[in-house]
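Single-structure report; data block below.
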Amino acid sequence: MSEAEGDQPMGWRADVFSVLKRHDVRHVAYVPDAGHAAAIEMAVADPDINAVALTTEEEGIGYLAGAWLGGERGALLMQSSGVGNCINMLALPNAGRFPLLMAVTMRGDWAEFNPWQNPMGQATEKALNMMGVLTWRADRAEDVEPLLHGAASMAFNGDCACAVLLGQRLIGEKQWVKK
Amino acid sequence: MGEEMNGLDRRDAVARLLARRSLDLLVVTGLGSPAYDVMAAGDDDRNFYLWGAMGGAAMVGLGLAKAQPQKSVLVVTGDAEAMMGLGAFATIAVQKPANLTIAVLDNGHYGETGMQASHTGMGIELDRVAASMGFAWTESISDLSGVDALHNRLAAREGVGLAVLKIRAENPPRVLPPRDGAHLKNRFRAALGFPVS
């Protein structure tokens with residue numbers, strides 16, 4: 001479990017979903033991550049949202065392009081390790097100038113216990129940028145809402161691929177051993 | 001018919017599948033030969049051709065089917081394209097979109113790259129894979145009467161389905177669709193009445 005945020009247990013976690021709702025997102029595709037647990041739970045519970053569990057993150061790139069062809073907006077929730085799975089599929093939003101909104105929880109970023117997370121975590125933002133995805137980093141709770149709002153605006157109004165990286169300092173240090 | 005002994009002619013099969021096409025039919029193709037087959041059957045604003053993103057065609061079809069539940073969505077792709085995104089079959093089976101049909105043109109080979117044997121050519125049966133995952137219906141088609149029955153089934157929207165069309169391993173002359181993805185996207189959305197930014 002990630003650490004809770006003291007007296008505001010939901011905080012930025014609820015902000016993620018409220019920004020998606022405000023931008024009329026109708027499809028939330030995801031590979032689960034603890035940092036996205038609240039948004040996923042809210043998406044699954046919302047009758048106006050198609051919540052789509054993916055077997056691998058790249059499925060979400062195709063899914064959201066298809067939803068956009070059908071006139072609807074969506075977002076992809078995933079962990080940084082999944083960015084590597086998406087690389088070739090990112091040719092689709094790039095070549096078609098499809099809107100793409102991604103919220104990426106970081107691993108291998110800060111206070112990481114598992115060194116196998118570090119290679120992809122350290123390459124996440126560069127890999128996204130190399131494939132034409134615009135990126136923003138949120139390391140403080142108060143930055144999540146405005147950065148995700150800005151990314152959604154540029155995705156849906158400007159047909160851009162946009163990702164907000166939710167830093168490991170924001171999410172909190174993973175407790176591997178119960179104290 | 002004698003020539004069907006070694007599989008369907010892919011151009012004949014796709015042309016029959018898309019004949020007398022309804023305005024309510026939306027088509028997504030995988031890259032390579034299936035895109036050329038659909039183009040050869042007649043270009044349409046309601047076609048979205050992938051020129052890359054291998055393994056992604058079925059998921060584009062799923063997103064479209066979920067956003068447009070009152071229309072029929074047909075994905076036409078090749079066996080190796082489908083195999084590269086096999087996890088998508090599980091995602092689709094869980095979502096159960098009643099209006100989505102996946103037609104896999106299966107020649108057991110990588111036709112675009114020199115006819116190397118593919119997994120289906122070495123024994124994997126995609127219709128059985130899809131059936132085991134819970135698709136509402138699956139079938140393997142090896143004659144034109146089966147293609148005609150599939151054509152009639154597209155309009156029914158009676159549950160997510162997958163049909164494997166056993167085609168001959170050959171490369172007819174390429175009939176190239178437009179390659180500009182933004183153009184393909186914009187004309188598709190315009191055909192459905194959505195704004196193009």
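Using just the C-alpha positions of segment A:12-157 as equal point scatterers, what log10 of I(q)/I(0) does the Debye formula give at each q in 0.09, 0.21 1/Å? One equal scatterer on each Cα of segment A:12-157 leads to -0.24, -1.50.
With the alpha-carbon atoms of segment B:145-196 aligned to their principal axes, the span from lowest to highest coordinate is 39, 34, 15 Å, starting with the largest. Computed log10 I(q)/I(0) for segment A:38-95 at 0.21, 0.22, 0.27 Å⁻¹: -0.87, -0.94, -1.21, from the Debye equation with unit scatterers placed on every C-alpha and solvent omitted. Close amide H pairs (under 5 Å, H built 1.01 Å from N) link residue B:75 with B:28, B:101, B:102, B:103, residues at least 5 positions away or on another chain.
Centroid-to-centroid, using Cα positions, segment B:89-132 and segment B:133-197 are 13 Å apart. Which whole-number percent gives the relative contact order of chain A, counting Cα pairs below 8 Å spaced six or more residues apart? That works out to 25 percent. Neighbouring Cβ atoms from other chains, within 10 Å of the Cβ of residues in B:83-89, number 3 on average.
For segment A:94-161, the Kirkwood estimate of hydrodynamic radius, built from reciprocal distances between every pair of different alpha carbons, is 13.1 Å. Cross-link partners for residue B:96 among the lysines, with Cα-Cα distance under 26 Å and sequence neighbours closer than 8 places in the same chain left out: A:21, B:66, B:71, B:166, B:185. The residue among B:109, B:53, B:69 whose Cα reaches farthest toward the positive pole of the charge dipole of segment B:1-153, with charges on the beta-carbon of Lys, Arg, Asp and Glu, is B:69. Per-residue extension of 0.36 nm, minus the Cα-Cα distance of residue B:171 and residue B:70, leaves a gain of 32.8 nm for this segment. Phi angles of segment A:89-102 translate, via the Karplus equation with coefficients 6.51, -1.76, 1.60 and θ = phi - 60°, into HN-Hα couplings of 5, 5, 4, 5, x, 5, 6, x, 6, 7, x, 8, 10, 10 Hz per residue; Gly and Pro are given as x. Answer rounded, prolate or oblate for chain B, using the Cα gyration tensor with square roots of eigenvalues a ≥ b ≥ c: rounded when a/c is under 1.5, else prolate when a/b is larger than b/c, else oblate. Cα axes put chain B in the rounded bin. Close amide H pairs (under 5 Å, H built 1.01 Å from N) link residue A:75 with A:27, A:28, A:29, residues at least 5 positions away or on another chain. Restricting the calculation to Cα atoms, segment B:98-143 shows an Rg/Rh of 1.02 when the hydrodynamic-style radius is the Kirkwood one. Of the peptides A:155-164, B:188-197, the ranking by mean beta-carbon count within 10 Å, highest at the top, reads A:155-164, B:188-197.
From helices alone, chain B scores -10500 deg cm²/dmol at 222 nm; the rule is -39500 (n - 2.57) for each run of n ≥ 4 DSSP H residues, then divide by the residue total.
Over the protein assembly as shown, the fraction of Cα-Cα pairs per 20 Å bin, rounded to whole percents and listed from the shortest bin up, is 30, 53, 16, 1. Inter-chain Cβ neighbour count for A:50-57, averaged per residue, equals 5 (cutoff 10 Å, partner chain atoms only). Across peptide A:25-32, the average count of Cβ atoms from other chains found within 10 Å of a residue's Cβ is 1.
Measuring nothing but how far apart in sequence close Cα pairs (under 8 Å, 6+ apart) lie, relative to its length, chain B scores a relative contact order of 27 percent. Grab the beta carbon distance between residue A:110 and residue B:115, set R0 = 45 Å, and tell me the FRET efficiency rounded to 0.05. For residue A:110 and residue B:115, the calculated efficiency is 0.35.
Taking a ≥ b ≥ c as the square roots of the eigenvalues of the Cα gyration tensor, an a/c ratio of 1.5 or more together with a/b no larger than b/c marks segment B:21-77 as oblate.
Phi-derived couplings, Karplus 6.51 cos²θ - 1.76 cosθ + 1.60 at θ = phi - 60°, listed residue by residue for segment A:35-52: x, 9, 4, 5, 5, 5, 4, 5, 5, 5, 7, 8, x, 8, 10, 8, 8, 10 Hz, with x used for Gly and Pro. Run down the lysines and flag those whose C-alpha is under 27 Å from the C-alpha of residue A:174, throwing out any fewer than 8 positions away in its chain. The qualifying lysines are A:126.
A simple spin-label model places the labels of residue B:194 and residue B:156 2.9 nm from each other, with each point 7 Å out along Cα-to-Cβ. Only helical runs count toward this figure. For chain A, summing -39,500 (n - 2.57) over DSSP H runs of n ≥ 4 and dividing by all residues gives -12500 deg cm²/dmol at 222 nm.
Read-outs throughout are calculated quantities, based only on the coordinates presented, and are distinct from any laboratory measurement. The model shown is predicted, which means the values in this text are computed figures rather than measured ones. Methodologically, a virtual Cβ is constructed for each residue, glycine included, from the backbone with ideal geometry; neighbour enumeration extends over all protein chains shown.
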